[in-house]
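The values are calculated or read from the model by the stated rules, or taken from the named source; none is laboratory data. Only a predicted model underlies this, so the values are computations on that prediction, with no experimental measurement involved. We place every Cβ from the backbone using ideal geometry, glycine too, and count neighbours over all the protein chains shown. For the accessible areas, the whole protein counts, side chains as well, though only heavy atoms, and no ligand, DNA or RNA atoms are used. Shrake-Rupley method; radii C 1.70, N 1.55, O 1.52, S 1.80 Å.
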Amino acid sequence: MSITRRFTGLLAGAALGAGALFATAAPAQAYSPNPTFHAYYYDTDNCPCSGGNLTDPFDNTYFANDAGGYAVKMELINSGAFVGKVEFHPNDEKLWVYDTANDGDTYYVKVSYTSGGTTHNLGTFSPPGTTAVLDYEVDDFDIPEGAYVDISVYDDAGLTDLIGAARGTGAAVA
């Protein structure tokens, strides 16, 4: 057998092995059924706000005063346990995305805002997937004051399995 044929056979075998390895690697499990979704809105004219439904077992949400703003805290609960939360803080226009269960799953948060009759896509965000019990990401935006901020939470990267949302007439306001 020639060296070329052996080399070609070796490359083909390596490619098949790599294909089998990647074919067996599974994505994170999706929640089924989706987690229970709760959204809590706060008129930040009346803040600072904390306590009540802003209390949780992780870091107790606190919203600062921001005239004309509406904050939102969204909780994701699966089988009675927190699996995540999303917060939009109008003061400094920050999005906080938390993974509160080290369960091998994540969720995806699509954010946009509407100002002057135009919608602007800010992107899709997920909490980092580490082995820590609590993971979070903070995204700092530059959104015009008074803009409506639409936040949609999905169970899949393709953004087809909606868990819940704060958008339209139920949007947050920067």
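Just checking, does the range 128-135 include any residue being of a type in the set (Asp, Glu) and either at pLDDT 95 or above or part of a loop (DSSP other than H, G, I, E, B) (or both)? So far as the range 128-135 goes, no, none of its residues is of a type in the set (Asp, Glu) and either at pLDDT 95 or above or part of a loop (DSSP other than H, G, I, E, B) (or both).
Screening the candidates 158, 168 for the property of being more than 18 Å from residue 38 (Cα to Cα), open to solvent by 30 Å² or more (accessible area, probe 1.4 Å) and among the small types (Gly, Ala, Ser) yields one hit, 158. If you filter the range 13-67 down to residues that are hydroxyl-bearing (Ser, Thr, Tyr) and open to solvent by 60 Å² or more (accessible area, probe 1.4 Å), you find that the one that is modelled with the lowest pLDDT is 24. Could you please let me know if residue 88 is touching a Lys or Arg at 6+ places or on another chain (Cβ under 8 Å) and closer than 15 Å to residue 173 by Cα? When the stated conditions are applied, residue 88 passes them. Considering 106, 55, 61, 130, the condition of being under 18 Å from the mean Cα position of the chain (by Cα), among the polar types (S, T, N, Q) and over 23 Å from residue 150 (Cβ atoms) is satisfied by 130 alone.
Among the residues of the range 109-131, which ones are touching a residue at least 60 places away in the same chain (Cβ under 8 Å) and crowded, with 16+ Cβ neighbours inside 10 Å?
Across the range 109-131, the qualifying residue is only 113.
Scanning the range 86-115 for residues that are touching a Ser or Thr at 6+ places or on another chain (Cβ under 7 Å) and under 16 Å from residue 167 (Cα atoms) returns 87, 90, 108, 109, 110, 112. Scanning the range 72-83 for residues that are more than 16 Å from residue 164 (Cβ to Cβ) and of a type outside the set (Ser, Thr, Tyr), we see that the one that is farthest from the chain's Cα centre (by Cα) is 80.
Residues of the range 98-114 include none that is in contact with a strand residue (DSSP E or B) (Cβ under 6 Å, 6 or more places away or on another chain), over 24 Å from residue 35 (Cα atoms), among the acidic types (Asp, Glu) and assigned to a strand (DSSP E or B).
Here residue 83 does not qualify as at pLDDT 95 or above and assigned to a strand (DSSP E or B). Residue under question is residue 134, and the condition is that it be of a type in the set (A, V, I, L, M, F, W, C) and open to solvent by 50 Å² or more (accessible area, probe 1.4 Å); does it hold? Considered against the rule, which asks whether it is of a type in the set (A, V, I, L, M, F, W, C) and open to solvent by 50 Å² or more (accessible area, probe 1.4 Å), residue 134 comes out as yes.
Closer than 24 Å to residue 50 by Cα and surrounded by fewer than 17 Cβ atoms within 10 Å (Cβ to Cβ): is that true of residue 92 in this structure? Give the derivation first.
Numbers: closer than 24 Å to residue 50 by Cα: yes; surrounded by fewer than 17 Cβ atoms within 10 Å (Cβ to Cβ): yes.
Taking the combined requirement at face value, the residue satisfies it.
Within the range 95-108, being open to solvent by less than 50 Å² (accessible area, probe 1.4 Å), closer than 20 Å to residue 121 by Cβ and not hydroxyl-bearing (Ser, Thr, Tyr) holds for 95, 97. Note on the range 68-82: among residues that are open to solvent by 10 Å² or more (accessible area, probe 1.4 Å) and aliphatic (A, V, I, L, M), the one that is nearest to residue 140 (Cα to Cα) is 77.
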